[in-house]
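Have a look at the structure below, then the notes.
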């Protein structure tokens with residue numbers, strides 16, 4: 001997500017449209033309030049352990065939601081060489097479009 005957000009801020013004049021995740025919101029607690037088992041992890045080892053435990057728990061009918069916390073920094077685009085700032089190629093204003101008669 002960070003790389004995608006970085007792309008939009010670089011090539012769309014810092015105009016980011018999309019989801020901004022709230023770092024203070026516990027998605028684990030939301031899952032628990034919906035009747036799921038909720039687990040929060042922050043390291044690859046914790047994720048591995050949580051995945052193993054959730055697979056075992058699924059055999060007993062327990063569904064587990066795993067919230068993985070990544071850093072919140074904007075990542076660099078993966079393919080900067082293919083990214084160019086978009087240019088306007090057609091009008092997006094409906095009033096500027098020619099009227100076509102259907103007949």
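How would you rank 29, 6, going from fewest to most other Cβ atoms within 10 Å of each one's own Cβ?
On the way: 29 13, 6 18.
Fewest to most other Cβ atoms nearby, the residues stand as 29, 6.
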Taking 7 Å along the Cα-to-C-beta vector as the label spot, tell me the residue 11-residue 27 distance in nanometres, rounded to one decimal. 2.5 nm
Distance in nm between residue 53 and residue 69 label points, each 7 Å along Cα→Cβ, equals 1.5 nm
Using label points projected 7 Å from each Cα along Cα→Cβ, tell me how many nm separate residue 62 and residue 43, to one decimal. 2.2 nm
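Bear in mind that the values in this text are calculations on the coordinates, not laboratory data. Bear in mind that the values here come from a model prediction, so they are computed numbers and not experimental data. Every residue, glycine as well, gets a Cβ built from its backbone with ideal geometry; the counts of neighbours run over all protein chains shown.
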